[in-house]
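Asker: Mind having a look at this structure? Questions to follow.
The values are calculated or read from the model by the stated rules, or taken from the named source; none is laboratory data. In this text the structure is predicted, and so the values were computed from the model without any measurement. All Cβ positions, even for glycine, are placed from backbone atoms using ideal geometry, and neighbour counts span all protein chains on display.
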Amino acid sequence: MKHLLITTVALMTLGTNAMAQTENECLDFLYQHMPTPDSVDYPKSYWRNQVRLALKARKTMSWGHTVPLWEFQNFVLPVRVNNEALDEARAIIYKELMPRLKGMTMEEAALEVNHWCHEKVSYRPSDGRTAAPLATMRNSIGRCGEESTFTVSAMRSVGIPARQVYCPRWAHTDDNHAWVEVWIDGKWRFLGACEPEATLDKGWFNWAASRAMLVRAFDYEGNSISTTTTYAPVKTLNVKVVDENGTPIKNATVDFRLYNYSEFYPLHTAKTDAEGCAAFQTGYGDLQVWVSAGDRYGAMKADAYTTTMTITPNRKTGCEWTEQYDWHVPTTVLQEPDRSIVDTVSANGRRLMREDSIRAAYQQHTFYKGQDETLRKARSNWKVIERFIKENHPHTALVLKGLNEKDLSDVTIDVLHDACLMNEEALKCGGVRISTEHLRPFVAFLQKQLPKMTAKEWINWVEQNIAVDNSKNPKQLYTSVVGIYNSRRCNDRSRELFTVAGARALGMKAELDPLGKAMVADNNATATSGWLRLANKEEKVEQVAMGTLQLDVPKDIMYYHGYTISKMVNGRPTPLDYADDDPTVTGKFREGLMLPEGDYLLTTGTRLKGGDVLTHSTMFSLKAGETKKVNVLFRTSQHSVKGDLQLDDSEINSNATSHQSAQ
């Protein structure tokens, strides 16, 4: 009884402390832990208004006073969920949802919010740029990362702590998935974003998550929170790194890598301690453990039941080798749901069908109904695109060509007008779209601020004026071009993008290479070294020495769907980032693709039924001016090989309501 009384008083005190948070205290917390791009690109007035909205929801929703301080600060107060553009979704969603949730318990409200989200959004795959919540709602589609971002935003708007959780890569199939966890009455529960079931802790992905090697979330400070134990059995894999004499190596980099999408993806990276040790809590499947220390590296296989291993990094730059392994994925006692069965019987199933009709009616009323394909792709944004086309700017066609389908659905008219200020060469090189950054005007601004420069002068200007600051940006968000110019600092990833943007604004040809490095065309250079790059600290500006890589990969195998190429950077393989849905990449490799000189790792994989994989890896060197021809070997097996790629469980699920709700 005494223990119960103490616990009750502690909870009441915790709730009171959280309620006592003033507007300024909340604002101070956000700024203390805010990613640098958010403090640079959004004014203080924006953040103050978001704080007021969070405190309003806390005060008006019946469960608001029950949320502890840490959960409130990390999973209600923050606006940012992933790498989305920030908008005014919180005010709009609160106004629509608040009357709908009156009289509900916290758990009932969470389920109801998810039904509301399903009325607004359904699944559709797209690129890695996460649309803002309002853009997702207005266009009524999103990939799982956008559906979960939207759903988390909706939950937080009404004071329910929520976080995006995801399996970065499944072990059993070439895909990943994100969903939502909500804090309900003292416990974290989960749900499928925009995929409402009748209860919490249920979704089509239960079966897949039970085979996960890692499921994680992040708090507002960017700290990783492993939630794998909620979904799957786990073990701890302990790694010790020693030199050839058996002496422990401190500060070695240890990557715990999982095969997926034809690469070994780093699920977790750790530094060794003074005893040369690092550890990772993971599921019961095979992993590649890759270690790098100085100019040496090494790799070993850890099978499902390995808990301790010792690795010596005994390979170095220029070392060529070939190896192959059989990789086994975790098993499960759960049965894979039959998602071909559409639930029309249960109350939840019938409700989902009504919500589908609500969404379809909205699309019919809002979207373009004519035959113009560009306007159809623009979805709710079609009037903006139509206006731009009717204005008939000299570069209209080139500007639109540089935008992808998602861009058409949320690009603003000021960005389109700004893009028209580029010359034809810059527009043909890509225009305002450079990577997966959020599009904002920058051309007119930079043209006003900067004098005419040569490519070399521009590279020098960036190196002398833009400082690299990788602190306080754990999600590696892009800072806007204007924000970088005004603050004169950003992370290294954003500086590369800024270099390309500025070059294009000044009329030069520029792009990011497959490793995300800025390349600015030097018209006076030779064919093998025709690009300028930002120098490392110890280097002077220099041209990139290039070689040509030619692969004998079959025409019908796409990049990421059978093979990848990685460049060695500081002893670690970094995949060349080509689009996974671009069928021309393989053709370019077959003909010969120019790449910076260095060491490269070719990885191929054959996935078997059940999910196991046969891999073949080859390390080779590419020299400047050389044409390197590399044979591509795909291993085979007497066991049946999957006839389909099984690229996206979410896409399969979008075609059928989960039958689980009827059970």
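Asker: Anything in region 347-374 that is closer than 18 Å to LYS406 by Cβ, in a helix (DSSP H, G or I) and touching a residue at least 12 places away in the same chain (Cβ under 8 Å)? List them, or say none.
Answerer: Across region 347-374, the qualifying residues are GLN363, THR366, THR374.
Asker: Follow-up. So which of ASN486, ASN460, ASN491, ASN470 is of a type in the set (S, T, N, Q) and either touching a Phe, Trp or Tyr at 6+ places or on another chain (Cβ under 7 Å) or farther than 29 Å from TYR220 by Cα (or both)?
Answerer: After applying the criteria, what remains is ASN460.
Asker: If you go through region 329-356 one residue at a time, how many are under 25 Å from TYR231 (Cα atoms) and of a type in the set (Ser, Thr, Tyr)?
Answerer: Residues flagged as under 25 Å from TYR231 (Cα atoms) and of a type in the set (Ser, Thr, Tyr) within region 329-356 amount to 3.
Asker: For region 72-145, which fully contained helices (runs of 4 or more DSSP H) count at least 2 residues that are surrounded by fewer than 23 Cβ atoms within 10 Å (Cβ to Cβ), within 23 Å of the chain's Cα centre (by Cα) and of a type in the set (Val, Ile, Thr)?
Answerer: Counting at least 2 such residues, we get no helices (runs of 4 or more DSSP H) at all.
Asker: Taking the conditions exactly as written (assigned to a helix (DSSP H, G or I), over 22 Å from the mean Cα position of the chain (by Cα) and either buried (at least 19 other Cβ atoms within 10 Å of the Cβ) or hydrophobic (A, V, I, L, M, F, W, C) (or both)), does ASP418 satisfy them or not?
Answerer: Judged against the criteria, ASP418 is a match.
Asker: Restricting attention to region 35-54, does a residue exist that is buried (at least 18 other Cβ atoms within 10 Å of the Cβ), at pLDDT 95 or above and within 14 Å of VAL152 (Cβ to Cβ)?
Answerer: Within region 35-54 (the criterion being buried (at least 18 other Cβ atoms within 10 Å of the Cβ), at pLDDT 95 or above and within 14 Å of VAL152 (Cβ to Cβ)), the answer is yes, since at least one residue qualifies.
Asker: Another question, if that's okay. Give the residue, chosen from LEU408, LEU400, that is over 14 Å from HIS438 (Cα atoms) and either in the same structural domain as ALA135 (by TED's automatic domain parsing) or part of a helix (DSSP H, G or I) (or both).
Answerer: LEU400
Asker: Return yes when TYR305 is modelled with pLDDT of 95 or more, over 21 Å from LEU633 (Cβ atoms) and not hydrophobic (A, V, I, L, M, F, W, C) and no when it is not.
Answerer: Working: modelled with pLDDT of 95 or more: no; over 21 Å from LEU633 (Cβ atoms): yes; not hydrophobic (A, V, I, L, M, F, W, C): yes.
So TYR305 fails the test.
Asker: Would you say VAL215 is buried (at least 24 other Cβ atoms within 10 Å of the Cβ), under 24 Å from ARG350 (Cα atoms) and in contact with a helix residue (DSSP H, G or I) (Cβ under 8 Å, 6 or more places away or on another chain)?
Answerer: In short, no.
Asker: OK, next. Out of region 615-657, which residues are at pLDDT 50 or above and among the small types (Gly, Ala, Ser)?
Answerer: Result: SER617, SER621, ALA624, GLY625, SER637.
Asker: For region 265-292: of the residues being farther than 24 Å from THR247 by Cα and either at pLDDT below 95 or of a type in the set (A, V, I, L, M, F, W, C) (or both), which is farthest from the chain's Cα centre (by Cα)?
Answerer: Ranking the candidates gives LEU287 first.
Asker: If VAL254 passes every condition in (1) farther than 16 Å from LEU287 by Cα; (2) at pLDDT 95 or above; (3) surrounded by 20 or more Cβ atoms within 10 Å (Cβ to Cβ) but one, which one does it miss?
Answerer: (1)
Asker: For the structure I just gave you, tell me whether GLY246 is in contact (Cβ under 8 Å) with a residue 60 or more places away in the chain, on the phi > 0 side of the Ramachandran plot and either in contact with a Phe, Trp or Tyr (Cβ under 8 Å, 6 or more places away or on another chain) or loosely packed, with under 14 Cβ neighbours inside 10 Å (or both).
Answerer: When the stated conditions are applied, GLY246 does not pass them.
Asker: On the basis of being in the same structural domain as GLU147 (by TED's automatic domain parsing), surrounded by fewer than 14 Cβ atoms within 10 Å (Cβ to Cβ) and at pLDDT below 95, does THR60 make the cut?
Answerer: The answer is no for THR60.
Condition check ((1) in contact with a Cys (Cβ under 8 Å, 6 or more places away or on another chain); (2) farther than 15 Å from PRO161 by Cβ) across all residues:
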position: GLU71; (1), (2): no, no
position: ASN74; (1), (2): no, no
position: LEU77; (1), (2): yes, no
position: ARG80; (1), (2): no, no
position: ALA85; (1), (2): no, yes
position: ALA91; (1), (2): no, yes
position: GLU108; (1), (2): no, yes
position: GLU112; (1), (2): no, yes
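Asker: Looking at this structure, is THR586 modelled with pLDDT of 85 or more, buried (at least 19 other Cβ atoms within 10 Å of the Cβ), out of contact with any helix residue (DSSP H, G or I) (no Cβ under 7 Å at 6 or more places or on another chain) and assigned to a helix (DSSP H, G or I)? Please lay out each step first, then the result.
Answerer: Details: modelled with pLDDT of 85 or more: yes; buried (at least 19 other Cβ atoms within 10 Å of the Cβ): yes; out of contact with any helix residue (DSSP H, G or I) (no Cβ under 7 Å at 6 or more places or on another chain): yes; assigned to a helix (DSSP H, G or I): yes.
Spelling it out, THR586 is indeed modelled with pLDDT of 85 or more, buried (at least 19 other Cβ atoms within 10 Å of the Cβ), out of contact with any helix residue (DSSP H, G or I) (no Cβ under 7 Å at 6 or more places or on another chain) and assigned to a helix (DSSP H, G or I).
Asker: May I ask you to verify whether TRP458 is closer than 17 Å to LEU506 by Cβ and among the aromatic types (Phe, Trp, Tyr)?
Answerer: Here the answer is yes, as TRP458 does meet what is asked.
Asker: Looking at LEU421, is it in contact with a Leu (Cβ under 8 Å, 6 or more places away or on another chain) and hydrophobic (A, V, I, L, M, F, W, C)?
Answerer: Spelling it out, it is not the case that LEU421 is in contact with a Leu (Cβ under 8 Å, 6 or more places away or on another chain) and hydrophobic (A, V, I, L, M, F, W, C).
Asker: Inside region 266-287, can you point out the residues that are under 27 Å from TRP170 (Cβ atoms) and surrounded by 21 or more Cβ atoms within 10 Å (Cβ to Cβ)?
Answerer: LEU267, HIS268, ALA278, PHE280, THR282, GLY283, GLY285, ASP286, LEU287
Asker: To continue, here is another question. Could you tell me whether VAL342 is closer than 22 Å to SER126 by Cα and either in contact with a strand residue (DSSP E or B) (Cβ under 8 Å, 6 or more places away or on another chain) or surrounded by 13 or more Cβ atoms within 10 Å (Cβ to Cβ) (or both)?
Answerer: no
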